[in-house]
Amino acid sequence: MLRQPMLRILTASLLCAAGMAAPVQAALAEERGLSDYVKGRHAAAKGELSRAAGLFEATLGYAPADDYVLQTTYELAIASGDEGLALGTARRLAASSPYDSGIGMLLVADAVKRGKWDMAGEYLERLGDSGVGSFAIPVVEAWILVGRGEGEKARARHLDDPPAPFAESYRREQAAHI
């Protein structure tokens, strides 16, 4: 007889514990995310950029919709030279926020590097004529044409567009390479 009540108590205790497991796991995950965030801020302040980028990447796993964490992860990835993380966060930023010319140029450069000429052209179109795009677009367009095997068209297009005054020497140098 004594076994029956003890079994019921044990069963009830296990059920209660199982019901509390999900909130406890969520709290632990939140704590880990905050811990990684604080460690990442500290590492960045100490100039440990690679470590900071990794910790912010981990934080992003706990807070994937946090724009500040995403932007900071991108910036730390760029500063630390983590190309894979920079590209991954740049793609997410480009899809979720107004287009930034630095992000755009990174995506263009990656597409050119991989020989994805159409993708590079699409990213380039999104740049517009502000920021880096104001002087880089004609040059990058010309190199995309070269990549597609249209060198003559690239030379004609590159040399026909009047450059911005501050970009004249840069465009002249690129025209010689094309």
Inset, instruction - Give me the number: length gained by fully extending Ser35 to Ala156, i.e. 0.36 nm times residue separation minus the C-alpha to C-alpha distance, one decimal in nm. - result: 38.0 nm
Legend entry - Full-extension gain in nm, His42 to Arg126, via 0.36 nm per residue minus C-alpha separation: 26.7 nm
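Residue separation times 0.36 nm, minus the C-alpha to C-alpha distance between Ala95 and Asp118: what's the value? Walk me through the numbers before you get to the answer.
Working: separation 23, 0.36 × 23 = 8.28 nm, distance 1.78 nm.
Extra length available between Ala95 and Asp118 comes to 6.5 nm.
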Inset, instruction - Any chance you could list P(r) for the range 68-110, counting all Cα-Cα pairs in 5 angstrom bins from zero, rounded to whole %? - result: 5, 27, 40, 24, 4
Legend entry - Karplus 3J(HN,Hα) series, Hz, for the range 43-56 with 6.51 cos²θ - 1.76 cosθ + 1.60 (x for Gly, Pro): 4, 5, 5, 8, x, 8, 5, 5, 5, 4, 4, x, 5, 5
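Readers should treat all values here as calculations from the given coordinates under stated rules, not as data from a laboratory. Bear in mind that the values here come from a model prediction, so they are computed numbers and not experimental data.
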